[in-house]
Structure formats: C-alpha cells, structure tokens
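Student: Below are the structure tokens for one structure; questions will follow.
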Amino acid sequence: MQAILAQVLKKVGEAMKICLKNLICDIAPLEGRKELNRSQLNHEQSGLTWEGSFCAIAGEYPCNPHMGEPSLRLQGTIYPRPESNSYSGWIELETLPGQSLPTPVELFPVGTRPLPRANITCISRHPLNQDYLVAATSDCSLLLLDAHLQENLKVLNEIKLATPIISLVCCGKYLLGLTAQQTLEIIETGAGPGSFSGCLPAARISVPAPLIALAENDLYSAWGLTRRGKVYGLQLRPAPLSPQTRKAGRISVQSDCRLKLPRLDAPPYYRFAYGVLTACSSWSERLARFITCFTGLVFDGQHFWAIVQPELMHTSRLLFLYSQGGALVHSFLLPPEVAIAAINYRHNNLLVLDLEHQQLHTLYPADFMQPQSALALSPRHPGYLDPGTDSTAGIHDLCLLYIGDEGNHKIHRYDLDKLLPLAGYINPAGNITDFFMDGFLMLAQYSPLLNGRAFAVDLTGSPALKEDWLALFDEYFEAQSNLQALDECVAQISRTLYKPTPEPVKVVLSIPTPDPRCDNWDNAGFSLAGEANRIEVTRWAAAELTKRWRRANFQHLELAGFYYMTEQGLYGDPVQHMFPALCHQLGVRSFAIPGIFSSSMTEFVRAGFDCVTLQPSHAFWHSEHYPWYYLLKNAGRIARDFGMGMEVELPYNVLEPAGRQKLRDYLNMAAIQGWAGAFKAYFQSFNLIKSLAESKIAECRQLYDDLYFTSRLARQPRPAFLHIAGAAIPFDGRIKWPREEGPVFLRLNIEGWQGILQMKGITTGD
C-alpha cells in the first residue's frame, strides 16, 4: 500500500511540473509532433531533438495561483558541430493572454533574391542546416543553395535525380519530394555541402491521390494538397527510412480536411476584387467566379497557409490562412511584384517562389505575441551584426550627428560642448570618467543653403543639386565645428582621463543619393535620369570627401566609411548595388540604416553593404489597434534573421514621461531579444542625448546612464566554449515573466544553436 501511495505521489509531483498544455511546434522535433505533449507525461524519455534547425515551441500555461511566480525550467543538451565556433544560442519567451496561438496579422517582405536557374520548380529549407536551401528543377536536378541573403542563392552543389520534383519539403532529417507521376521520393542528405553529393532517393512510394503540393509536418508524416483544396494527411509507416519502408514502400493516406472558401462572415474580399465582384449576391457566388484552384500549401505547426489562384482579377494570387479543420482564419493580398508559384516554410519565414519575376521572396508573418524574457549565454543573440568587427570598421556604437538645416532659417552645427556627452561618459557628478560612443555618423536631410532641397529620394522636397552637395561637404569640415570640434573633443577627453585614446574615433560621412528626377544637377544641363550619371556623381562625391579628409589631417579621427542616405531600399537599384564596391575601392566600409516600413528593408544586405542597421520606428509610431511593442518586436526578429544591427531611436519628447518610456522600451527589448550586445546606431535628432545628460529630472539622467551601460555590453567578448568534437554541453536554466490574470499562451523561440539541440525538460519545478 505504501509503495502504491509513493507511486501516486510521484505521479502527482510530476504532474505539478507539467506547465504547458497542448504543445505545438513550428518545426517538429525529430521524434515527431505527437511526442511534444507525450514528452511532458513521460519524464523518462530522452527528450525532444532538433538538428540544425531553429524552432518555436508554444503552448498554454495554466493559471494556478498556488504556483507562485510564473517560470519555466528548461533543461537540455547541445551537441555542437565540430566546425562550429559559436554556441551562444538564444531561447526567448513571448506571451499573450489567452489559450491559443495568435493569428498573424501582417506579412513583412524581408528578402528578395534572383533565382539561380530559370527552371526551378520548388524550394525548401535544408533539413539539417539553416545556412542552406534546397531547390528542384524541371530537368531533374537537385540544387544546394547558399541561404545567406547576400549570396543570392548561389548554387553550392548539384545532383541528378531520375524524375523531376514538383514539390519539396523536409521530413525529419530527410527531404520528401512529390513527382508529377504521383510518387513520393524520400531523399537522404547530410549537414554540409560535401555530403549533399551523395543524396539519392532512399525510397519511392506511390500516392493514391491527385496531389499538386506537399507541406512539411514531421519525420513520420506530411500533408498533401489537391487542386480543389482537399488536404490529406500522408502517414509514412513506420518511419521513412526504416528497412520495412525501404522494401515495401507503403504509405497510408488519410483524408484530413477540405479548405473552405470564405462565407459571408469572412474577411472583406471587396478589397481583393477591384470592383469585379460587386455585382455578386453572396461571398460563395463571388468566389466561385474568380477562384480557379489551390496551388500551394504550408503548415506552420498551427495553421495551413494556402495559395489560391484567382481568375478574372488583375492581382497576384491570394494567400489564405486556415485552421487545421479547414476554416478560413485570415487572408492576405500580396503586392503585384510578388507572384506566388509555390510556397514553403522555415522558422519565422514564408519562402515564396515567384516564377513570373524569377525571384525568391521571403515574408515574415507578424503577430501580437510580446517578448518577455530570455535565457542566454551572452548579451548578444548570434544572429545580429557583431560589433567591433571589420564589417563595422571596428565600431560598436554609432551615434548620428545631424547637421545642416535646423528649420528654415537656422543651420545646426556641433561644437565641443555638444559633443562631450557623446564622445565621453559624464557621470552624475559632472566628471568625464570614460569614453562613450566610438563611432559617429555625420549626415543631413536637407541642404545647408536652406532652400528645402533634399539629399535622399525618400524625403519630401525637390532634389538637391551639386551646389547643395558642396555646401554639405563644407559643413562637414567647417572650422571649429562638426568634424574639427569632434577631433578636439576626443583629444580633451584623453587629456582628462590621463590616457591616450584606445584607438581613433571612427567617422562615417553621408553621401547624398542622386535623384533621377534631377535633370540639371550642375546647373549646366547634367541629368541624373540615367543610372550611369548617378553612379558617376556618387563616385565623384566619395572621391571629393576622401580628398578633403586627407587634407584635414585629423589627429584623433579615422574615416571609417560612407553612408547611403536613402533609407528605403529598391530592389536591384544599380547605384545602391555599386555603393559597397566603391567604398571598398577607397578602403572604407559601407553603411545603411533602412526602415522597417521599407518594402526592401533587407536589400542593403543583399547588395553587400558592410554594416546595415534596422530602424524600428517605435519612437515615432503607435496604433491603438496594435500592441505597444509591435514594431520593436518585429524589427528585432527581422534584424537577427538577416544579420543586421539595431537602431535605438530617442523620441523628440524624450524629456517627458511618454518619451522616456519609449526609450526605456528600446533598452528593455534590447536585453530580451539579444541586441544589447550587438552593433547599435543611435538616432538622437540634434542634441537629445546631451539633454538627458544635463537634465535635473532623475529619470532622464538615469536614461543617459543606462544608454552608456548598454553600450558597454557590445564590448563584452562572446563566451568561449572549449570542447572535444562530439562532446555534449548541458544547459539548465529558468526563464520568468510577470504574472497575468487567467491563462497565458507562451512561445519559446529557440535559435542560434549549431548542431544538435536536445530539450530534455520544460517544467515549473526544480
């Protein structure tokens, strides 16, 4: 009896540790999706395993007032790849009140690349390595592609198959391909380019259903789609590459659901129809007139994403979001420059194959989940741009210095007094105790001639002329101001600290963007309408600034690079793409700070810019229909997916409570998302950081101190791990968040690990 009671108490104790209900995962573990919840019930299991893939685990945290402060204990083991030199992965917690995963509300276009072959039929993530993608072609080739944005899908390896593949997805460690002959090809692959050469179909299975596309599920199953929107669950028994499957080639096809076209209570489709459907009496009648067929499917662990081919419409295909039961949840109309032929999924991103424009688009689905805390080994998520490297010209923190016009009747210049709180840290007693920013970007939006002419094509105002460009360059080198004042400022700080400058303070100079609307740039008829002329004047400007810099002979400053003034990148813009090469020819680095509202925010990365920093616009934008941190959260996720730094933006009202809270949001999110220790730029209008340093309001002064303390995190080295190849690195940590009333839905974003990650426990107990 006592033994039975002990067993019951043990089970009760284990049950108390179970904290997440209805676990789901966007990328299934190698053990399969069903093991997610089973692993919490059976604590003797070895755990859940992911190899080479980032993933997100989500579920409901039940409200229990007796459980104390809400927290999760995460236990697991990392098995690093022998060639990996980074083990500082990241586990980030997001929450949302309620019991279900929130629906994506927006798709950010975050990366477009040209296709390396014109006959590509489908593209998939690599099953074992986040650095690669895999594509199939109509001539029976399987291509290993470099997934890094700036590599433009470079073909790293190629093998031939016996038959062309029309849809390709991951299936655990393997690839699963659908052929036009309605067979499934199970393809083995390795983690690196060399092992890809041996990829050959390990099994071939006939599918007794007219499928046109596959969607990834897990090691044991996949989803299949018909043209009429019927989704089948494809159950491979007992496992794809077991000896039994190799020989027998069996598959169980189970009808799962039919994707339902919208009814009257669906989202308003009039915005999609452009007036074509206004005469129809019901949604079903309207849709029947323009829906041709379903053409693609994706499963993200919770929802189906389906491509619908419209008819009688002057628009691209539609993207519908469905529940697993087939009910329409949300709909998205993609811009005309995105024509979907096929779709696939990898953590955080939809991969859209566009055969019409011969491009691969990446779309980031944004929802209302809010980051709360993180479990990490360093203050830097490994995806962000590393500070203090050759790519950043050695800069850790880049402070923006706006010169030129300040209103319509005044020119703003920096003197020694304005620069001291930026180049040096002034403690509360008013003494300089350390250096502060180690990089400065000098720029202007409008002409110092006070004529309203703009230096970027995305600013209001008429295009700047050559005389405006020269006036800007004169301002850079104005006597006793700006650059000369900065040189003297650094010298004074060195004297105050009784030590030489660790190294010269780095300077980045902005080059105006030539505007194609300008047809008389030099007042002698020189037009910037042609790309050759725009490239020519950009080269002239860089050479002119380099010549002036050498002539100035600064003692404590170093020219680090040039800044591309236009923030809104354009796909394939010739001036933008030549800019990094021009900088390298002059021995400096290229810098850009795109905005999150740009439709080509990652184009600067693709163009090869050395240092790209994303501006979230949180300080200047908020909608009552969106959560407070919406833009900050999404900018941070996008930046780390594409190797960018982040910009800290001081709001214009930073001395007021609302403005102070906005700036505090940046510092809090930097710690949670892992960019506190990454490369950062600081927008501060003219003198906002100085105003914090000199403020008599304690909260304002504290923000100045916290900006300085945050900047020091970028100077901390990454933690070093000495290990024998194949050895395990265990981790055991707790992640906490503020208590909320009622149930809370949680999501853990698990990213950055190189090799095998085995999660052995997600509990509330010790």
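Student: Would you pull out the residues with amide H under 5 Å of Cys518's amide H, same chain only if 5 or more places away, H placed 1.01 Å from N?
Tutor: Leu528
Student: Further question on the same structure: When the expected Rg is taken as 2.2 N^0.38 Å, what fraction or multiple of it is the alpha-carbon Rg of the stretch 137-229?
Tutor: On the way: Rg = 13.6 Å, N = 93, 2.2 N^0.38 = 12.3 Å.
This ratio for the stretch 137-229 stands at 1.10.
Student: Then there's this: Order the peptides 530-537, 592-599, 629-636 from the highest to the lowest mean number of other Cβ atoms within 10 Å of their residues. Could you put the intermediate results ahead of the total?
Tutor: Details: 530-537: 15.0, 592-599: 20.0, 629-636: 23.5.
Ranked by mean Cβ neighbours within 10 Å, highest first: 629-636, 592-599, 530-537.
Student: Given a 1.4 Å probe and every protein chain left where it sits, what share in percent of the accessible area of the stretch 456-542 is carbon and sulfur?
Tutor: Whole-percent figure for carbon plus sulfur exposure: 50.
Student: Step through the residues of the stretch 371-380 one at a time and calculate ³J(HN,Hα) from phi using the Karplus curve (6.51 cos²θ - 1.76 cosθ + 1.60, θ = phi - 60°), rounding each to whole Hz and writing x for Gly and Pro.
Tutor: Here the 3J(HN,Hα) series is x, 10, 6, 8, 10, 8, 9, 8, x, 9 Hz.
Student: How many angstrom separate the Cα center of the stretch 439-511 from the Cα center of the stretch 613-641?
Tutor: Value for the Cα centre distance between the two parts: 28 Å.
Student: OK, next. Could you tell me how far the Cα centroid of the stretch 551-572 sits from the Cα centroid of the stretch 133-150, in Å?
Tutor: A separation of 36 Å, based on Cα centres.
Student: Still on this model: I want the local charge near Ala28. Using Cβ-Cβ distances under 10 Å, sum +1 for each Lys or Arg and -1 for each Asp or Glu among the other residues.
Tutor: For residues surrounding Ala28, the net value is -3.
Student: How many nm is it between the label spots at Glu503 and Cys293, if each spot is 7 Å from the Cα in line with the beta carbon?
Tutor: 5.9
Student: Here is a follow-up. Quick one: if the Förster radius is 51 Å, what FRET efficiency do Thr460 and Arg204 give, using the C-beta to C-beta distance and rounding to 0.05?
Tutor: Numbers: r = 61 Å, r/R0 = 1.19.
Calculated transfer efficiency: 0.25.
Student: With the cut-off at 1.5 for a/c, could you classify the stretch 380-537 from its C-alpha gyration tensor as rounded, prolate or oblate? Walk me through the numbers on the way to the answer.
Tutor: On the way: a/c = 2.66, a/b = 1.75, b/c = 1.52.
Prolate.
Student: For the stretch 440-548, with the dipole built from +1 on Lys and Arg beta-carbon atoms and -1 on Asp and Glu ones, taken about the Cα centre, which of Ala543, Ala471, Leu449 lies farthest toward the positive end?
Tutor: Highest projection toward the positive end goes to Ala543.
Student: Next up: Could I have the simple spin-label model distance between Ala727 and Ala327, label points 7 Å from Cα toward Cβ, reported in nm to one decimal?
Tutor: 5.4
Student: How much of the calculated P(r) for the stretch 109-166 lies past 18 Å, in percent of all Cα pairs?
Tutor: In whole percent, the share of Cα-Cα pairs in the stretch 109-166 beyond 18 Å is 28.
Student: Near Glu467, within a Cβ-to-Cβ distance under 14 Å, what is the net charge of the other residues, with Lys and Arg +1 and Asp and Glu -1? Kindly include the intermediate steps, with their values, before the conclusion.
Tutor: On the way: positive: Arg453, Lys466; negative: Asp468, Asp474, Glu475, Asp522, Glu544.
Within the 14 Å Cβ shell, the charges total -3.
Student: Can you tell me the order of 708-716, 329-337, 557-565 when each peptide is scored by its average per-residue count of other Cβ atoms within 10 angstrom, highest first?
Tutor: Averaged packing, sorted descending, gives the order 557-565, 708-716, 329-337.
Student: Any chance you could list the semi-axes, whole Å, largest first, of the equivalent ellipsoid that the Cα gyration tensor gives for the stretch 79-190, using √(5λ)?
Tutor: 28, 20, 17
Student: Using +1 on the beta carbon of Lys and Arg, -1 on that of Asp and Glu, and nothing else charged, what's the dipole of the stretch 588-727 about the Cα centre, debye to 20?
Tutor: 340
Student: Set the Förster distance to 41 Å, then compute FRET efficiency between Asp139 and Glu536 from the Cβ-Cβ distance, nearest 0.05. Display every interim value, and only then the final one.
Tutor: Details: r = 42 Å, r/R0 = 1.03.
After rounding to 0.05, the efficiency reads 0.45.
Student: Around Gln615, what is the net charge, scoring Lys/Arg as +1 and Asp/Glu as -1 over all other residues with Cβ under 12 Å from its Cβ?
Tutor: Result for the local shell: -2.
Student: Hey, another quick one. Starting from the Cα of Lys34, draw a straight line to each of the aspartates and glutamates and keep only those under 17 Å, dropping any in the same chain fewer than 8 residues away.
Tutor: Cα-Cα hits under 17 Å: Asp26, Glu44, Glu60, Glu216, Asp218, Asp256, Asp300.
Student: Can you give me the three principal axis dimensions of the stretch 539-697 from its C-alpha atoms, in Å, biggest first?
Tutor: The Cα atoms of the stretch 539-697 stretch 46, 39, 24 Å along the principal axes, largest first.
Student: Also, quick follow-up: How big is the dipole moment of the stretch 115-174 about its Cα centre under a simple scheme where the beta carbon of each Lys and Arg is +1, that of each Asp and Glu is -1, and everything else is neutral? Debye, nearest 20, please.
Tutor: Here the size comes out at about 140 debye.
The values are calculated or read from the model by the stated rules, or taken from the named source; none is laboratory data. Here the structure is a predicted model, which means the values were calculated and not measured. Counting neighbours? That spans all protein chains shown, and the Cβs are built from the backbone with ideal geometry, glycine included. Protein only, heavy atoms only, side chains kept; ligands, DNA and RNA dropped before computing areas. Shrake-Rupley method; radii C 1.70, N 1.55, O 1.52, S 1.80 Å.
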